[in-house]
Structure formats: C-alpha cells, structure tokens
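The values are calculated or read from the model by the stated rules, or taken from the named source; none is laboratory data. Here the structure is a predicted model, which is why all the values come from computation and not from measurement. Counting neighbours? That spans all protein chains shown, and the Cβs are built from the backbone with ideal geometry, glycine included. The protein model used for the area step is the full one, side chains on, heavy atoms only, and it has no ligands, DNA or RNA in it. Shrake-Rupley method; radii C 1.70, N 1.55, O 1.52, S 1.80 Å.
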Amino acid sequence: MMVLCQEVMMVLCQEVMMVLCQEVMMVLCQDVMILLCQQHTEKTSGGTITEEYLQQMLEQHQGVAADVASRTLSLAYTLLTKESKGLGLPDFPFDNLHLLMAILSKYPNVDPTRLIMRLYPYHAFLSHDTYKSVEEAFSAFGFSPSQRHSTASEVNKIKGVRPLHEHTKTVEVTLAVEGQELITQVTSGNSWGSPPPPFEFIPYHHEILTEMIQSHSVGDFCLIGPRGCGKSAVVAKMAHLLGYQTEPILVYQDMTARDLVQQRVTSPTGDTAWQFSPLVTSALEGKMVILDGIHRLHHGTLAVLHRLIHDRELQLYDGSRLLRSDRYDKIMNDNELSETDMRARGIYRIHPSFRIVALAEPQVLGASQGQWLTPEALTLFLYHNMRCLRPQETVSLVNQLVGDCSSPVEQLITLASQLSVSTDPALQSLAESLSLRQIIRIAKCFKAYPSFDLH
C-alpha cells in the first residue's frame, strides 16, 4: 500500500511540475516579448528604423498616416529579431508590407490591426499558449488584436458593383468600410451575365467579402477556415460580383510541380508533347484560379508559385515563359514584334485580370506531416481567417435560402455547433460531416417532406 501511495504521489508531482513549467515558460515568453518591444521602441525613438525607408513608403502610398506606418514597421522589426525566433515565432513577411500600405491608401478607414493580421495570422499557426506573447508585441505598438469587432449590418458591407468599360477590365465597387461609404475601382474579369450562385448575405458574409475585395484590389489572397464553413460559397459569390470565370483546382498531397504547371501528354499518333495546366491556361485567359486545399501541398511544390505570385512570371518546363502584361508589352513594343512573333519565341502574356485565391484549413499543431504555414508560405498571400457560422447566423441563412427553419433543423444546427468546438477527434470528424452545405440540403428535405425523420 505504501509503495502504491508513493507511485501515485510521484505521478501527481510530475504532472504538477509539468503544469508549473508550462506556466513559467509562458510568463518568460511574455516577459521576453515585452522587453524586446521596450528595447525596440527606444531604438525607434532614437532613429534606428531607417527614415528613408519609411519616407519612401509614405511617398509611394499617399494618404497613409505616418504614425500607423511607423508603428507597423516597428512591430515588423520586432518580430524579425533573433529573440523572437528563439520564442518559436516565424518571421514576419516584411516584403509584403507594401500590400498593407496599398490597402490603407485605398481604404483609409480600415483598422490597421486587422490588416497586420492578414500578413501575420498568428491564430492560424500558433498554439493558444503563445498567443499572449504576440499580442503583447501588438499592444506595445498600439495595436489591439484581442479586440472583438462587431459584425453589425452596415458597418462593413458591399453596397453595389457597377461594371465600367470592357477594355479596362475594372468595376466600380461601393463599400461601407467601418461604417463609412467608399467608392473604389478594382480589377474584374470578363464573364458577365452568368447566373448568380445560390447565396444569401448575412452581416458576417458582408464583412468577410468586404475584406476579401480589399485584398483582391492589391494581389492574391488565401482564405483559411475549418471544413464546411462556407469558404467555397463566399469565393464563388465574390467571383460572380466581379465578373470572373473561376477555375477550381483541387490540390492533393502528392501533387508535383509538373501537375501544377505543365504536364506531359501523348497524342493519338503516339507523339509526346507538353500541355499547359489549368493554372497556366487561366493565367493567359485572365480567370480566377481557386486552389482548393493548399494546406495539403508539399513545400517544394508550393515554391513553384512564388515567382508567379510575386513577379507574375513563370518559367515552364518546355522552355517557354509567362511574363507580366506590362513587361510583355514593353518587350514587344521595344523590339517591334507582333504577338505571333512573341509566341514563336515561347513568350506568353499573363492577363492583368488573373488572380489566385487559395483555400486552406487551419493547420493542426503537432501534426506528423508538419506545419504548412511556414515563413515562406506567409510571404505568398494575404490571409483571411473565416470562422464557422454561429447557430443564430446559420438559422438566419437557412431561413433566407430555404424558408422557415423547422425545429429539427434548428436542433441539428445547435448540435453541429457544439461538435465543432469539441476537442475530441471523433466528435470533430462528425462535425465536419455536418457542414453548412449538408445542413442546407437537410433543410431543403424538411421543406419538401415535412414528415421527414431527422434520425
């Protein structure tokens, strides 16, 4: 009995020590981050941050407040220090700061905190234990990531979209940004008149679509959210609003760079040749590519996208090249060549309307396959986190799409919401089968067959 008691006491002591060690590490991480912020704030006030770089950024992006730009740079430098890396924090995507400044220049009312989180979505790649360290750094420079933003109607909303001249490939979008109306022009596609997708707005959809259009106006973006939260439906609605023809590409784990860019095919006569992938064809035609499941893609394959996203250029396996539209036009005009001549030389023009939208699921911390949101991946896109709809939001959406939401469907919605927050893997798997798409289908069954048995 004494031996058993001793063993039990040893196990309890070990568990207590593990909990204490975790708490001590969290406190140490927070203290180190606070110290780093204090040191960097002192250096900033002393002029360590290059004034030339700050001034250049302000000149390139008119209308951006100097204070916001300075504080953003200070936070970026803090998250790039060796000490931050020692805490396990990935590098801040410093080279993408110009995208943040471009959005602030176009949409002055946007909360800069939310913009920074599009560059550095730490909720998607850090554990809850290390949230506090990053939030301390945000707070030290006057940003409030923990502040809850309302999704009340009219605060962030798409009020209207009006196509402009066909040759310009732009649309005029009227947005409500933080309660203030703003009219801007963004790049559009050339596919108008197609039937709209089955989609009804709720305040949260207005908010996420407003932010997606802001990111679309400056580059490519990625939408991160759990399976079944409605990512595909939201992107399809945005594409229809902007007149885009979409090209969905389902990404799988074993996909290679050849599968993504250019494939080897055999003709009916037995000859082999290179064939453009849907990604390359979409780049030439100005479509919106939807990379569904980019979190599954191997890091080596993902690296192929870097040059296409950052420079809008791509070297193909058959020796031909895709060039950004302005560079293509300059080469053609300077050398007095025709489009036929350029194609004969293996040079192709990327359409200026071409866009990439990636869909991904949040990474599973501690997973055997590793983390997909690496420092290299952070430089590719602006990231938007999309949550699952709350039960009352889902009920409202079902009422708009189907009609009156019956009592069994409301119970199913409540059950799905409870399962989605469970930490049990089996219950989480069950929650994934009760996606928003499946709930809408079940609601339609109840609408058509009122005596339908939920069980």
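Counting just the residues of region 146-168 that are at pLDDT 85 or above and charged (D, E, K, R), which one comes out nearest to Lys287 (Cα to Cα)?
Among them, the one singled out is Arg162.
Looking at (1) open to solvent by less than 10 Å² (accessible area, probe 1.4 Å); (2) out of contact with any His (no Cβ under 6 Å at 6 or more places or on another chain); (3) closer than 30 Å to His123 by Cβ, find the lone condition where Val280 falls short.
Tallying (1) open to solvent by less than 10 Å² (accessible area, probe 1.4 Å); (2) out of contact with any His (no Cβ under 6 Å at 6 or more places or on another chain); (3) closer than 30 Å to His123 by Cβ, Val280 fails exactly one: (3).
Is at least one residue of region 227-246 without any contact (Cβ under 8 Å) to a residue 12 or more places away in the chain, open to solvent by less than 50 Å² (accessible area, probe 1.4 Å) and not aliphatic (A, V, I, L, M)?
Looking for residues that are without any contact (Cβ under 8 Å) to a residue 12 or more places away in the chain, open to solvent by less than 50 Å² (accessible area, probe 1.4 Å) and not aliphatic (A, V, I, L, M), one finds none in region 227-246, hence no.
For region 292-305, state whether one or more residues are within 14 Å of Phe354 (Cβ to Cβ), out of contact with any Gly (no Cβ under 9 Å at 6 or more places or on another chain), at pLDDT below 95 and buried (at least 17 other Cβ atoms within 10 Å of the Cβ).
As a first pass, look at region 292-305 and keep what is within 14 Å of Phe354 (Cβ to Cβ): 305.
If we keep only those that are out of contact with any Gly (no Cβ under 9 Å at 6 or more places or on another chain) too, we end up with 305.
Keeping just the survivors that are at pLDDT below 95 gives 305.
Applying the additional criterion that residues be buried (at least 17 other Cβ atoms within 10 Å of the Cβ) yields 305.
Yes, because at least one residue in region 292-305 is within 14 Å of Phe354 (Cβ to Cβ), out of contact with any Gly (no Cβ under 9 Å at 6 or more places or on another chain), at pLDDT below 95 and buried (at least 17 other Cβ atoms within 10 Å of the Cβ).
Out of everything in region 58-105 that is among the β-branched types (Val, Ile, Thr) and modelled with pLDDT under 90, what residue ends up being least open to solvent (accessible area, probe 1.4 Å)?
Among them, the one singled out is Thr78.
I'm told Pro197 meets every condition in (1) at pLDDT below 90; (2) open to solvent by less than 30 Å² (accessible area, probe 1.4 Å); (3) closer than 12 Å to Ala239 by Cβ except one. Can you identify the failing condition by its number?
Condition not satisfied by Pro197: (2).
Sort out which residues of region 401-432 are out of contact with any helix residue (DSSP H, G or I) (no Cβ under 8 Å at 6 or more places or on another chain) and touching a residue at least 60 places away in the same chain (Cβ under 8 Å), and write them in order of number.
Glu432 - this is the single residue of region 401-432 that is out of contact with any helix residue (DSSP H, G or I) (no Cβ under 8 Å at 6 or more places or on another chain) and touching a residue at least 60 places away in the same chain (Cβ under 8 Å).
Within region 319-336, restricting attention to residues that are in contact with a Pro (Cβ under 9 Å, 6 or more places away or on another chain) and not in a loop (DSSP other than H, G, I, E, B), which residue is least open to solvent (accessible area, probe 1.4 Å)?
Looking at residues that are in contact with a Pro (Cβ under 9 Å, 6 or more places away or on another chain) and not in a loop (DSSP other than H, G, I, E, B), I get Ser325.
Filter region 434-449 down to the residues that are assigned to a helix (DSSP H, G or I) and either free of Cβ contacts under 8 Å to residues at least 24 places away in the same chain or in contact with a Phe, Trp or Tyr (Cβ under 6 Å, 6 or more places away or on another chain) (or both) and list them by number.
Arg441, Cys445, Phe446, Ala448
Restricting to region 241-262, name every residue that is more than 24 Å from Val304 (Cα to Cα) and in contact with a Phe, Trp or Tyr (Cβ under 8 Å, 6 or more places away or on another chain).
Gly243
May I ask you to verify whether Glu339 is of a type in the set (D, E, K, R) and closer than 22 Å to Asn96 by Cβ? Give the steps one after another, and end with the answer.
On the way: of a type in the set (D, E, K, R): yes; closer than 22 Å to Asn96 by Cβ: no.
So Glu339 fails the test.
Pairs please, first residue from region 55-84 and in contact (Cβ under 8 Å) with a residue 60 or more places away in the chain, second anywhere and surrounded by fewer than 18 Cβ atoms within 10 Å (Cβ to Cβ) and of a type in the set (Gly, Ala, Ser), Cβ atoms under 8 Å, 6+ apart in sequence or on different chains.
Arg71/Gly142
Any chance you could count how many residues in region 407-441 are of a type outside the set (A, V, I, L, M, F, W, C), at pLDDT below 80 and surrounded by 15 or more Cβ atoms within 10 Å (Cβ to Cβ)?
Of the residues in that region, 3 qualify.
In region 396-406, what residues are open to solvent by 20 Å² or more (accessible area, probe 1.4 Å) and within 26 Å of the chain's Cα centre (by Cα)?
The one that is open to solvent by 20 Å² or more (accessible area, probe 1.4 Å) and within 26 Å of the chain's Cα centre (by Cα): Ser396.
Give the residues of region 106-129 that are of a type in the set (A, V, I, L, M) and either at pLDDT 90 or above or open to solvent by 30 Å² or more (accessible area, probe 1.4 Å) (or both), sorted by residue number.
Once the filter is applied, which keeps residues that are of a type in the set (A, V, I, L, M) and either at pLDDT 90 or above or open to solvent by 30 Å² or more (accessible area, probe 1.4 Å) (or both), region 106-129 yields Val110, Leu115, Ile116, Met117, Leu119.
Could you give me the residue pairs with C-beta distances under 9 Å whose first residue belongs to region 389-400 and is in contact (Cβ under 8 Å) with a residue 60 or more places away in the chain, whose second residue is open to solvent by 30 Å² or more (accessible area, probe 1.4 Å) and charged (D, E, K, R) wherever it lies, and which are 6+ apart or on separate chains?
Ser396/Glu200; Leu397/Glu200; Gln400/Glu200
With the requirement that a residue be surrounded by 14 or more Cβ atoms within 10 Å (Cβ to Cβ) and over 21 Å from Tyr107 (Cβ atoms), what does region 163-191 give you?
Matches in region 163-191: Gly189, Asn190, Ser191.
Quick check, is Arg345 open to solvent by 70 Å² or more (accessible area, probe 1.4 Å), out of contact with any Gly (no Cβ under 9 Å at 6 or more places or on another chain) and in contact (Cβ under 8 Å) with a residue 12 or more places away in the chain? Steps first, please.
Values: open to solvent by 70 Å² or more (accessible area, probe 1.4 Å): yes; out of contact with any Gly (no Cβ under 9 Å at 6 or more places or on another chain): yes; in contact (Cβ under 8 Å) with a residue 12 or more places away in the chain: no.
When the stated conditions are applied, Arg345 does not pass them.
Count, please, the residues in region 306-318 that happen to be assigned to a loop (DSSP other than H, G, I, E, B) and surrounded by 14 or more Cβ atoms within 10 Å (Cβ to Cβ).
The qualifying residues number 3.
Can you say whether Ala344 is within 20 Å of His216 (Cβ to Cβ) and of a type in the set (A, V, I, L, M), as far as the supplied structure shows?
no
Take His216 and tell me if it is of a type outside the set (Lys, Arg) and under 16 Å from the mean Cα position of the chain (by Cα).
Details: of a type outside the set (Lys, Arg): yes; under 16 Å from the mean Cα position of the chain (by Cα): yes.
Judged against the criteria, His216 is a match.
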